[in-house]
Amino acid sequence: MASVSEFRNGMAIRYENDIWVVVEFQHVSPGNWRAMLRTKLKNMKTGRVLDVTFRMTDKIEEVRLDEKKMQFLYAADGLLHFMDTDTYEQTFISEDMLGEHTNLLKESGLCSIFFLEGRPISAELPTFVELEVTEAEHAVRGDTATNVMKSAVLESGAKVQVPLFIKVGDVLKIDTRTGKYVERVSSA
C-alpha cells in the first residue's frame with residue numbers, strides 16, 4: 001500500500017476494483033481544513049477520466065504495469081494483432097482498448113501496450129502518426145477566402161478534414177488524441 005503523498009504522474013493504482021493511471025494531481029490545503037490531494041485518474045480499460053479527491057491519510061494500492069512498444073500487424077475478428085520487435089512474440093487485444101481512433105493504425109506502426117501480470121489490459125497510440133492521403137476531393141478555385149476544409153481518406157481508411165491544398169499522395173501528420181489534421185509532412 002502506498003500513501004497518496006507518493007502520487008506522481010503516470011503512476012498506476014487500483015481504485016474501486018479497477019486499474020487507473022494518475023493523469024495529474026494537486027496538493028490542496030484550504031485554510032483550517034486538513035490537506036487533501038485532488039487528482040485526475042484515467043481508467044486503463046475504458047479511457048474514462050475521473051476527478052477524485054483523496055485525504056492525505058488515505059492508502060492506495062500501487063500497481064506495476066509493464067509497457068512494451070509493439071508493432072501492429074493486422075486486424076481480424078475484432079482483434080488487433082501486435083508483435084514485440086525484440087522477441088517476435090505476438091499478442092492480440094480487443095479493438096475497444098484503443099478507443100475510437102483504431103482507424104489511425106497502419107500496418108507496421110508502433111503502439112504502446114500495457115501489461116498487468118503478463119496480460120494486456122490497455123493500448124495507446126503514439127500522439128502523432130504520419131499517414132498518406134489515398135483519396136481527396138478536388139478543391140474549387142475561389143474557396144480560399146476562409147478556412148475551408150475538405151474530406152480526405154488516409155491509407156489506414158480514416159477520414160479527416162484537411163485544407164484545400166492537400167492532394168492524393170501527400171503525407172499528413174494526424175493527432176491521435178483528436179483524430180484531426182495537424183500539418184502536411186511531405187508533398188506528392
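The values are calculated or read from the model by the stated rules, or taken from the named source; none is laboratory data. Values in this document were obtained by computation on a predicted structure and should not be read as measured data. Don't worry about glycine lacking a Cβ; one is built from the backbone with ideal geometry, like all the others, and counts go over all protein chains shown. In case anyone asks, the SASA skips ligands and DNA or RNA and just uses the protein heavy atoms, side chains included. Shrake-Rupley method; radii C 1.70, N 1.55, O 1.52, S 1.80 Å.
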17 Å tail of the calculated P(r), region 60-188, as % of Cα pairs: 61 percent
Theoretical gain in end-to-end length, Ser108 to Arg177 [0.36 nm per residue, Cα-Cα removed]: 22.9 nm
Selected from Ala35, Thr46, Met56, residue furthest toward positive end of dipole (region 13-83; charges at beta carbon): Ala35
Segment Asn32-Thr53, length gained on full extension (0.36 nm per residue, minus Cα span): 5.8 nm
Region 32-178, accessible area per residue, ligands and nucleic acids excluded (1.4 Å, Å²): 62 Å²
Percent accessible area from carbon and sulfur atoms, the chain, protein chains only, probe 1.4 Å: 46 percent
Distance between region 15-34 and region 42-81 - C-alpha centres, whole angstrom: 18 Å
Linear extension gain, Thr46 paired with Glu117, 0.36 nm per residue minus alpha-carbon span: 23.7 nm
Derived scalar couplings ³J(HN,Hα) [region 33-43; Karplus, 6.51 cos²θ - 1.76 cosθ + 1.60; whole Hz; x for Gly, Pro]: 7, 6, 5, 9, 10, 8, 10, 10, 10, 10, 6
